[in-house]
Amino acid sequence: MSKTINAYRIKKIESLGKMTAMSQEEIVSAVKTVAQGLEALRSEHAGLLHGLQEAPESVASERVPLVQQSADMIELGLGEAQVIMALASHLQMVEAEKQKLRAQVRRLCQENAWLRDELASTQQRLQASEQAVAQLEEEKRHLAFMASVSRYDQDLNEDNASEHSRSEKPDPVVDLFPDDENTEMNNMSQNPPSTLAQQVNAGYEIPARLRTLHNLVIQYASQGRYEVAVPLCKQALEDLEKTSGHDHPDVATMLNILALVYRDQNKYKEAANLLNDALAIREKTLGENHPAVAATLNNLAVLYGKRGKYKEAEPLCKRALEIRQKVLGKEHPDV
């Protein structure tokens, strides 16, 4: 009996040594095989113990403890086998849960990638919508501007400008020169009628629009509403530069009008810059000896006179006088 137990222990040790290189399924299968063997041994030991109860007392007292000890070892082995199989079952459940979690992680990664693509697409659509809204706002402002021009086009005329000039407080410096502000309106376009036909944009003729704008600006400036007059001039200037280019006589006229508004606000530096720009355009497009050039020179001289720069104003006045004498004659009222 002791030899059998020892052989079993040796076999168990060898089996455990081999199990270290086995898979989980192989280990569970080997444990089940060992458990079956232990069950058989337990039945055999139970039979031996039953048989020893009928044996002589001297024999029973000697062998029963050994058989009982071996039976206890078998019970211990069976308990260990049950623990191993229970642990294997638990590990299988854990592995199944792990696979389930991995599948969920893969699905979440796919959903995350899809959401990122959807977000990028939504951002692109939002950006396109913002651009469309900005364009519509720009068109709305332009239409509102055109509506204001059309609304006042029939109500205002050149008499508003003359009334405004009569009601203004006399300016000692301006009184020294002819009223070139009204001359600006008469010199708005030096193009023949055939050329005017080519200056049509959105159904309106540029010179007529400039005349209307001139009246509007005078109306707003006489009311002290420079916050309206200045944007009107700037919007018209921007439209003219887009349709006709910067070097165009009508652009120079608009620069003169805006400069006069700045002059009324005592913004002499800005007004001087605009007048110099207008002077360069008129000299380039109309010629150096054109009455419109003389008008711009007079406006510059007024600015310099207001700032006490008479030395700079004097040559401008002389040049304007020479142009008018040459073009209009010495007996002309402007001379």
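Report the local net charge at V105: Lys and Arg +1, Asp and Glu -1, summed over other residues whose C-beta lies under 14 Å from its C-beta. Could the numbers behind the result be given before it?
Details: positive: K98, K100, R102, R106, R107; negative: E97, E111.
Spelling it out: positives minus negatives among the neighbours equals +3.
Apply 1/(1 + (r/R0)^6) to the Cβ-Cβ distance of E139 and T33, taking R0 = 51 Å, and write down the FRET efficiency to the nearest 0.05. It would help to have the intermediate numbers written out before the result.
Working: r = 88 Å, r/R0 = 1.72.
Once the sixth-power term is evaluated, E becomes 0.05.
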Once A46 and M93 are pulled to full extension, the length gained, defined as 0.36 nm per residue separation minus their Cα-Cα distance, is 13.3 nm
Of the convex hull drawn through the C-alpha atoms of the range 265-335, the volume per residue in Å³ is 83
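Between S129 and R106, what is the FRET efficiency for a Förster distance of 25 Å, r being their Cβ-Cβ separation, to the nearest 0.05? Write out the running numbers ahead of the final one.
On the way: r = 35 Å, r/R0 = 1.39.
After rounding, the FRET efficiency stands at 0.10.
Every number here is computed from the coordinates shown, using simple stated rules; none is lab data. This structure is a prediction, so every number in the text was calculated from the model and none was measured. For neighbour counting, all protein chains shown are included, and Cβ atoms are generated from backbone atoms with ideal geometry for every residue, glycine included.
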